[in-house]
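Presented below is the structure to which this report refers.
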Amino acid sequence: MAETVLTSADLVAPLFVAEGLSAPHPISSLPGQFQHTVDSLLNEVDLHLANGVNAFMLFGVPVTKDDQGSGAWDPNGITQVALRELKARFGHDVVLMADLCLDEYTSHGHCGVLTAQGTVDNDATIALYAQVAIAQAQAGANVVAPSGMMDGQVLAIRQGLDSAGFDDAAILAYSAKYASAFYGPFREAVKVEIADGGDRRAYQQDYRNRREGLREALADIEQGADMVMVKPAMSYLDVLSDIAANVDVPVSAYHVSGEYAMIKAAGERGWIDAPRVALEQLTSVKRAGANFILTYFANEIAEGLKR
Ligand code: PBG
């Protein structure tokens, strides 16, 4: 009589691909996750497909960064290289989503370019996001996923994609993205350090606010978002439930790096049964209204569900 049953089709696996590596590099704060070479990435996708996970969110880790984050839209930037290889190898067997942000590519680690005063320049940044979206779609991304929380980013990206002939590329908006301490391990994964001890509270949401989450999702849908996301997941099930009840597009949640790391760490100590806790959490996210879930547990859980 269970109302909610998690399946491999609910899961999207975030994967990291790094430029200039000769072998995959384990991410110590995310046990079981790697910065991949392009080759090991192809192999990792194969392993996921065998377990029924066919959607991926790609993050690129470049060798060089600059103040504009130009590697993000360079046709030979690492994400674009990886997207082309994945599409060539797997074609329609995979759904390729690309995280669309500048923070992995900027020397200062912010999600946008900076003004002379050192604050993020919203409007200059969204023009660059449109360029990144076009480069990603050109390289084979089915879905671009803006995660920078700039105002007007979805509209700018939609217009950019359409003007370049990519009207069939979809937009998954990180709509209700909270300024969260749960992203800690991710910053190691992509080697991002925000300059001068800065943070993202000027553009990400305040976790003390609930209604703002729905407002952000509605604004993104009005601008052309095909799907929306809530992030992190477990501490924001109220926001997720609000959004799921009020929108008519697919809704997702991102079970983020810190959520994964906590379960792994407690599991390693024998304090909890990690796979059971992971399944309980992810099923709860689906129960709260998510139509799909981004999670570093995707492959492990999907494999477990086969048994
Ligand atoms: C921004 C981005 C972040 C995450 C996904 N996209 C980091 C941030 O906003 O600081 C975090 C994902 C995670 O913690 O698993 N490119």
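The values are calculated or read from the model by the stated rules, or taken from the named source; none is laboratory data. Since we're looking at a predicted model, the values are computed, not measured. Cβ coordinates were reconstructed from backbone atoms using ideal geometry, including for glycine residues, and neighbour counts include every protein chain displayed. Heavy atoms of the whole protein, side chains included, go into the accessibility calculation; ligands, DNA and RNA do not. Shrake-Rupley method; radii C 1.70, N 1.55, O 1.52, S 1.80 Å.
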Query - When each of Lys65/Lys191; Lys65/Lys177; Lys286/Lys306 is checked by Cα-Cα distance, pairs over 22 Å - result: Lys65/Lys177
Requested in this report: Provide the per residue accessible area, probe 1.4 Å, for segment 232-307, rounded to a whole number of square angstrom.
Outcome: 44 Å²
Query - Cα centroid separation - segment 284-303 against segment 207-237, whole Å - result: 18 Å
Report summary line: The answer for Ile272, listing residues at least 5 apart or on another chain whose modeled amide H is closer than 5 Å to its amide H, is Gly267
Requested in this report: Starting with the highest mean, order 17-24, 134-141 by the number of other Cβ atoms within 10 Å, averaged over the residues of each peptide.
Outcome: 134-141, 17-24
**Report entry** Modelled FRET efficiency - R0 22 Å, Arg307 with Val95, Cβ distances, 0.05 increments
**Finding:** 0.30
Report task. Taking H placed 1.01 Å from N in the peptide plane, check which residues at least 5 places from Glu19 or on another chain put their amide H under 5 Å from its amide H. Result -> Val61, Val63
Requested in this report: Could you look at the chain and say what percent of its accessible area is carbon and sulfur, using a 1.4 Å probe and all protein chains?
Outcome: 49 percent
**Report entry** Ranked order, Arg200, Arg210 - accessible area, probe 1.4 Å, largest first
**Finding:** Arg210, Arg200
Report summary line: Binned at 10 Å starting from 0, the alpha-carbon pair-distance distribution of segment 149-242 in whole percents comes out as 15, 41, 33, 11, 0
Query raised in the report: How much FRET efficiency would the formula 1/(1 + (r/R0)^6) give for Ile194 and Gln117, where r is the Cβ-Cβ distance and R0 is 22 Å, rounded to 0.05?
Result: 0.85
Query raised in the report: Among 106-113, 186-193, what's the highest-first ranking by average C-beta atoms within 10 angstrom per residue?
Result: 106-113, 186-193
Query raised in the report: Per 5 Å bin, what is the whole-percent P(r) computed from every C-alpha pair distance within segment 101-153?
Result: 4, 22, 29, 24, 13, 5, 2, 0
Query raised in the report: Sorted by accessible area (1.4 Å probe), largest first, how do Trp73, Trp271 line up?
Result: Trp271, Trp73
Query - Met57, Met234, Met227, reordered so the largest accessible area comes first (probe 1.4 Å) - result: Met234, Met227, Met57
Report task. Just report the Cα centroid separation between segment 130-146 and segment 245-279, whole Å. Result -> 28 Å
Report summary line: Over its alpha-carbon atoms, segment 9-306 yields an Rg and a Dmax in Å of 17.7, 54
Requested in this report: List every residue whose amide H lies under 5 Å from the amide H of Met229, counting only residues 5 or more places away in sequence or on a different chain, with H placed 1.01 Å from N in the peptide plane.
Outcome: Ala173, Ser175, Ala176, Ser252
**Report entry** Per-residue [θ]222 nm for the chain (sum of -39500 (n - 2.57) over DSSP H runs n ≥ 4, rounded to 500)
**Finding:** -12000 deg cm²/dmol
Report summary line: Rounded to one decimal in Å, the inverse mean reciprocal Cα-Cα distance for segment 38-171, i.e. its Kirkwood radius, is 15.0 Å
